[in-house]
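Since the structure comes first, as structure tokens, the remarks are kept for the end.
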Amino acid sequence: MRRLGLLVALVSLVAPALAAQEVRLPSPREIVGPPRGRPLSGAELQEKTREVASLLRCPVCQGLSIQDSPAPMAINMKRQVEELAAEGYDREQILAYFEASYGEFVRLNPAMRGMNWLVWIAPAILALAGAWAVRSVLRRGRAAAAAESAQPDAPPPPDPDLEPYLRKVRDLADAPTAPTERS
Amino acid sequence: MNRKVLLIGAALVVPTIAILFLNLGRNPHKVVSPLVGRPMIEFKLTEVGSGQPIDLASMRGRPLVINFWATWCLPCYAEHGVLVRGARRMGSDVQFLGVVFDDEESRILRFLDQNGREYPTLVDEAGKVAIAYGVYGVPETFFVDAAGTIVAKHEGPLDDSSLAAYLATVIGGPH
């Protein structure tokens, strides 16, 4: 009888704690479809969890992944990543699952779609543009040097805007000088 | 050549200035929740104190205010009073719910004893509901209309006027 009383007391203590664990949310399947991979366990699961967790931003940190963050929120998220990977959801599905709640901001690497392509290709475009600019400057410099060495003492080409003035100066120089009166 | 350089420079500078100009006054830390405009995510959690499970599905048909908070969050203390007053004022017209994560039940009970309890407070032990709602930090509050659509999310503590404005959007008219 005493044992039964103890058991009842134990159950009454444990029951609320067990009940408190109850959380019912929509299945990930409803959000990202059925798992595309196979269920994982052991070292494979740990590796997958690490890989995906390092791609997810810790929402309460500054630029840290949930893999690197010690924040409770990050730990909870990482636990969920592990659960999803264990069920066979692949990397993209797990990222999409978190993105459905947090938006694209939760991805540390922006997905290659829409305007995000700019983020991926802009550095390459800028590097190419820079290389082109450097090449043209070098080519122009080389061409100028080559022209100079071909005609080292050649006078510079006449400026058409200055031509009338030059003509006037030449005329004045060629004209006979008139006697001037001294006062 | 000068014209070419000018065109390339303009092609780089004009879009940059346009982007900067369009984003003037925007908070770079604010992230728009993808959940706004979508149906609320239904969940079932246990109420603090009573241990009774509360299912969000059973609350359909009434506007909801779902507040994520924790006892270790200082702004939550001031905000709790605002929510208690709001819940009292709205009565059965709007269902308020508190969801606490990353916390201990004894602390939550003490907090509620000291700061008032006007609506159910649920415990989200593993933070799954908070993650499903894309919670970044506490406090954060979601406003759900009677049709079950999330119409707004507020980050940070609410005050009386902002709560009234949000309630007006879920229920219609000033409150």
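For B:Gly127, nonlocal amide neighbours, meaning residues 5 or more places apart or on other chains whose placed amide H falls under 5 Å from its own, are B:Asp102. Near A:Asp174: Cβ cut-off under 13 Å, other residues only, Lys/Arg at +1 and Asp/Glu at -1. The net charge is +2.
Dividing the Cα radius of gyration of the stretch B:1-157 by 2.2 N^0.38 Å, with N the residue count, gives 1.42.
Its DSSP H runs of at least 4 residues, each contributing -39,500 (n - 2.57), put the calculated 222 nm mean residue ellipticity of chain B at -12000 deg cm²/dmol, to the nearest 500. Using R0 = 25 Å, the C-beta based FRET efficiency linking B:Ser162 and B:Glu42 works out to 0.45.
Placing a label point 7 Å from the Cα of A:Ala147 along the Cα-to-Cβ direction, the residues of the stretch B:2-45 with a backbone N closer than 17 Å are B:2-3.
For B:Val151, the residues whose amide H sits under 5 Å from its own are B:Gly37, B:Phe143, B:Val144, B:Asp145, ignoring neighbours fewer than 5 places away on the same chain, with H placed 1.01 Å from N.
For a test of the definition: using alpha carbon positions, the gyration tensor, and the 1.5 limit on a/c, classify the protein assembly as shown as rounded, prolate or oblate. In terms of gyration-tensor shape, prolate. Note that the stretch A:97-103 has calculated 3J(HN,Hα) couplings of 4, 6, 5, 4, 8, 9, x Hz, one per residue in order, obtained from phi through the Karplus relation 6.51 cos²θ - 1.76 cosθ + 1.60 (θ = phi - 60°); glycine and proline are x.
Once C-alpha pairs closer than 8 Å and six or more residues apart are averaged by separation and normalised to the residue number of chain B, the relative contact order reads 27 percent. Each residue of the stretch A:48-55 was assigned a 3J(HN,Hα) from its phi angle through the Karplus expression (A = 6.51, B = -1.76, C = 1.60, θ = phi - 60°), giving 5, 4, 4, 4, 6, 4, 6, 9 Hz with x at Gly and Pro. Per-residue Karplus couplings for the stretch B:143-150, computed as 6.51 cos²θ - 1.76 cosθ + 1.60 with θ equal to phi - 60°, are listed in order as 10, 10, 7, 5, 7, x, 9, 6 Hz, Gly and Pro entered as x.
Placing +1 on the Cβ of every Lys and Arg and -1 on the Cβ of every Asp and Glu, with no other charges, gives the protein assembly as shown a dipole of roughly 420 debye about its Cα centre. Under a 5 Å amide H cut-off, with hydrogens placed 1.01 Å from N, B:Gly49 pairs with nothing among residues at least 5 apart or on other chains.
Charges were assigned to the Cβ only: +1 to each Lys and Arg, -1 to each Asp and Glu. The resulting dipole of the stretch B:93-175 about its Cα centre is roughly 120 debye. A simple charge model with +1 on the Cβ of Lys and Arg, -1 on the Cβ of Asp and Glu and nothing else charged puts the dipole of the stretch A:36-100 at about 60 debye relative to its Cα centre. With a point put 7 Å past each Cα toward its Cβ, work out how far B:Asp93 is from A:Gln62 in nm, to one decimal. Calculated label separation equals 4.4 nm. Residues with beta-carbon under 13 Å from that of A:Ala85, excluding A:Ala85: net charge, scoring Lys, Arg +1 and Asp, Glu -1? Taking every Cβ under 13 Å from that of A:Ala85, the sum is -1.
Only the coordinates and a few stated rules stand behind these numbers; no lab work does. Keep in mind it's a predicted model, so treat the numbers as computed, not measured. Glycine gets a Cβ as well: all are built from the backbone with ideal geometry, and neighbour counts include every protein chain shown.
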